[in-house]
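S.K.: My structure is below; once you've seen it, I'll send some questions.
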Ligand SMILES: Cc1cc2nc3c(=O)[nH]c(=O)nc-3n(C[C@H](O)[C@H](O)[C@H](O)COP(=O)(O)OP(=O)(O)OC[C@H]3O[C@@H](n4cnc5c(N)ncnc54)[C@H](O)[C@@H]3O)c2cc1C
């Protein structure tokens, strides 16, 4: 196994139970400038270090969750459901 | 054998000078090829190649060394064809054997949809003068008698795209050959030299900051593959690149039985046998973004499972090594070559993902022309970083990605 994620519903599971959903991004408002939409649609932060990201527990409770993971070490710091009170 | 004992050095180390005309970040095959062509074709020799690791320690020393030009799009096919042709002359040009073996390349189809996709490629390839055709089971059996072509397989093989000029090369030899040629022209290679910042004044670059001191320059070329965004971040140029690990492995040597490169997108695997007899096996990218190069068991299991689908007789062989590299994936599976829109003379030759080794001679040649003359050669124009803003993405996914 390469690493584990703790699903807030199902507990610690192999990363292979999840589908990776990419970095968490703020969607621009519908009338935002074209440049803002370009950046949102195409460019990525591609963080080398801790990033907030989406995961879908495909082989478990089938819910989307968010995590903070270090992309250099793959260490997962925290996981939560996005509608939960974020501390 | 005796050449191992020679006294001559392939490249020398130097103190860092205070300024260079061009600073290239990343001394993988793309940085080296661009530096070589800058010196060889344009007389630009005040060039520093900086790499934070050892020479060829990035993807250029981690790939499965497969070369081919049977891509799918009218932008991709002539570009990769030009590159393979430059590889054909490389040993002679560099006076250094890069061991290019054009053993032939087969891409397998396991479904009707797969056949249609390969037929499109074959037709496009032939229109553009690339030797490539669809072959049936009878011909596959003659070329690769050791492969399971029965209908008992989980995904039976139905047809293949056969590309005779495709093959494998010695990747380290390419890197060393370019490094030697650069060194002889007075181009400096600095390993263990990490770029930690780039200073700019408005749209102009002033200097590159490294762990060994600061270098004045107006021209920077980013050739850092998986780390591309960490460099472009230094001048606040966002890129549509996400870094994913790609893994490969090599088995114990076996008697020669496989004389072609075999690729299956359905099975997410590619296999070839080296002259030493080892099987080199590559996987698809890991299913999550990461900068971590550690090899993992699930990917090894996947490579083993799919290789056994093709060659069940290999069930008892041993794996010698497994490793990973970090790939700079773009959304349209095409590279990003050009000058940043936001900063003058901040060039990039990145986005090579899982498929960039074969592209290095052509990408380096035309990137060098762009840097030396200030105008972009038509053959690399479609790869401009401006294509995303303009909504002109390329359609290379079907021919460049192993799966998806
Ligand atoms: C397992 C695997 C199999 C592959 N198989 C094939 C194949 O069969 N055929 C094919 O055509 N392609 C293949 N590829 C892709 C190919 O290897 C790459 O596209 C190509 O080697 C990229 O070359 P490069 O010079 O751009 O990058 P690299 O060789 O990765 O060089 C980038 C360099 O940048 C340096 N760097 C990073 N950050 C800094 C910094 N801050 N300061 C200084 N230096 C820095 C790194 O140390 C590194 O040496 C494969 C890749 C992998 C990982």
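S.K.: Go through B:9, B:18 for me and flag whichever is at pLDDT below 95, away from the ligand (no atom under 16 Å from the Cβ) and under 15 Å from residue B:187 (Cα atoms).
M.R.: The conditions single out B:9.
S.K.: Right, next: Which residues, taken from segment B:24-62, are near the ligand (Cβ under 7 Å from one of its atoms), more than 14 Å from residue B:177 (Cα to Cα) and crowded, with 24+ Cβ neighbours inside 10 Å?
M.R.: Hits for segment B:24-62 are B:25, B:26, B:50, B:51, B:58, B:59.
S.K.: Let me ask something else about it. If the Cβ limit is 9 Å and pairs must be 6+ apart or interchain, which residue in segment B:32-51 that is assigned by TED's automatic domain parsing to the domain that holds residue B:181 pairs with which residue that is at pLDDT below 95?
M.R.: From residues that are assigned by TED's automatic domain parsing to the domain that holds residue B:181, the pairs are B:32/B:56.
S.K.: Additional query: Does at least one position in segment B:248-259 carry a residue that is in a helix (DSSP H, G or I) and either away from chain A (no Cβ under 14 Å) or crowded, with 22+ Cβ neighbours inside 10 Å (or both)?
M.R.: no
S.K.: Return the total of residues in segment B:184-195 being touching a residue at least 24 places away in the same chain (Cβ under 8 Å) and over 15 Å from residue B:17 (Cβ atoms).
M.R.: Total meeting the criteria: 5.
Here's the yes/no breakdown for (1) surrounded by fewer than 22 Cβ atoms within 10 Å (Cβ to Cβ); (2) farther than 30 Å from residue B:84 by Cβ:
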| position | (1), (2) |
| --- | --- |
| B:150 | yes, yes |
| B:161 | no, no |
| B:166 | no, no |
| B:174 | no, no |
| B:184 | yes, no |
| B:192 | yes, yes |
| B:201 | yes, yes |
| B:208 | no, yes |
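S.K.: Please determine, by comparing only the residues of segment B:63-73 that are part of a loop (DSSP other than H, G, I, E, B), within 6 Å of the ligand (Cβ to nearest atom) and in contact with a helix residue (DSSP H, G or I) (Cβ under 8 Å, 6 or more places away or on another chain), which one is nearest to the other protein chains (Cβ to nearest Cβ).
M.R.: B:63
S.K.: Filter segment B:210-234 for residues that are closer than 29 Å to residue B:389 by Cβ and more than 14 Å from every other protein chain (Cβ to nearest Cβ); which is surrounded by the most Cβ atoms within 10 Å (Cβ to Cβ)?
M.R.: My answer is B:223.
S.K.: To continue, here is another question. Pull up segment B:265-292, narrow it to residues that are within 17 Å of the chain's Cα centre (by Cα) and within 14 Å of another protein chain (Cβ to nearest Cβ), then point me to the one that is surrounded by the fewest Cβ atoms within 10 Å (Cβ to Cβ).
M.R.: B:284
S.K.: Under the condition of being surrounded by 19 or more Cβ atoms within 10 Å (Cβ to Cβ) and more than 14 Å from every other protein chain (Cβ to nearest Cβ), which residue from segment B:383-404 is nearest to the chain's Cα centre (by Cα)?
M.R.: Checked segment B:383-404; the qualifying residue nearest to the chain's Cα centre (by Cα) is B:400.
S.K.: Just to be sure before I move on: is residue B:303 within 13 Å of chain A (Cβ to nearest Cβ) and under 30 Å from residue A:4 (Cβ atoms) in the structure I sent?
M.R.: Working: within 13 Å of chain A (Cβ to nearest Cβ): no; under 30 Å from residue A:4 (Cβ atoms): yes.
The answer is no for residue B:303.
S.K.: Looking at B:356, B:338, which one is crowded, with 23+ Cβ neighbours inside 10 Å and in the same structural domain as residue B:204 (by TED's automatic domain parsing)?
M.R.: It is B:356.
S.K.: I'd like to check which strands (runs of 3 or more DSSP E) are fully inside segment A:1-68 and have at least 2 residues that are away from chain B (no Cβ under 13 Å) and at pLDDT 95 or above.
M.R.: A:4-7, A:11-14
S.K.: Let me ask something else about it. Out of the residues in segment B:372-393 that are closer than 20 Å to residue B:239 by Cα and in a helix (DSSP H, G or I), which is nearest to the ligand (Cβ to nearest atom)? Reasoning before the result, please.
M.R.: Of segment B:372-393, the ones closer than 20 Å to residue B:239 by Cα are B:376, B:380-393.
Within this subset, residues satisfying the condition of being in a helix (DSSP H, G or I) are B:381-383, B:387-390.
Details: B:381: 20, B:382: 18, B:383: 13, B:387: 19, B:388: 19, B:389: 23, B:390: 24 Å.
The qualifying residue nearest to the ligand (Cβ to nearest atom) is B:383.
S.K.: Same structure again: Of all strands (runs of 3 or more DSSP E) completely enclosed by segment B:134-236, which ones contain at least 3 residues that are at pLDDT below 95 and under 22 Å from the mean Cα position of the chain (by Cα)?
M.R.: In segment B:134-236, there are no strands (runs of 3 or more DSSP E) which contain 3 or more residues that are at pLDDT below 95 and under 22 Å from the mean Cα position of the chain (by Cα).
S.K.: Which condition number in (1) surrounded by fewer than 22 Cβ atoms within 10 Å (Cβ to Cβ); (2) within 14 Å of another protein chain (Cβ to nearest Cβ) is the one that residue B:318 fails?
M.R.: Of (1) surrounded by fewer than 22 Cβ atoms within 10 Å (Cβ to Cβ); (2) within 14 Å of another protein chain (Cβ to nearest Cβ), only one is false for residue B:318: (2).
S.K.: Name the residue that is farthest from residue B:58 (Cα to Cα), counting only residues in segment B:212-245 that are near the ligand (Cβ under 9 Å from one of its atoms) and without any contact (Cβ under 8 Å) to a residue 60 or more places away in the chain.
M.R.: Result: B:234.
The values are calculated or read from the model by the stated rules, or taken from the named source; none is laboratory data. From a predicted model like this one, the values you see are computed outputs, not experimental measurements. For neighbour counting, all protein chains shown are included, and Cβ atoms are generated from backbone atoms with ideal geometry for every residue, glycine included.
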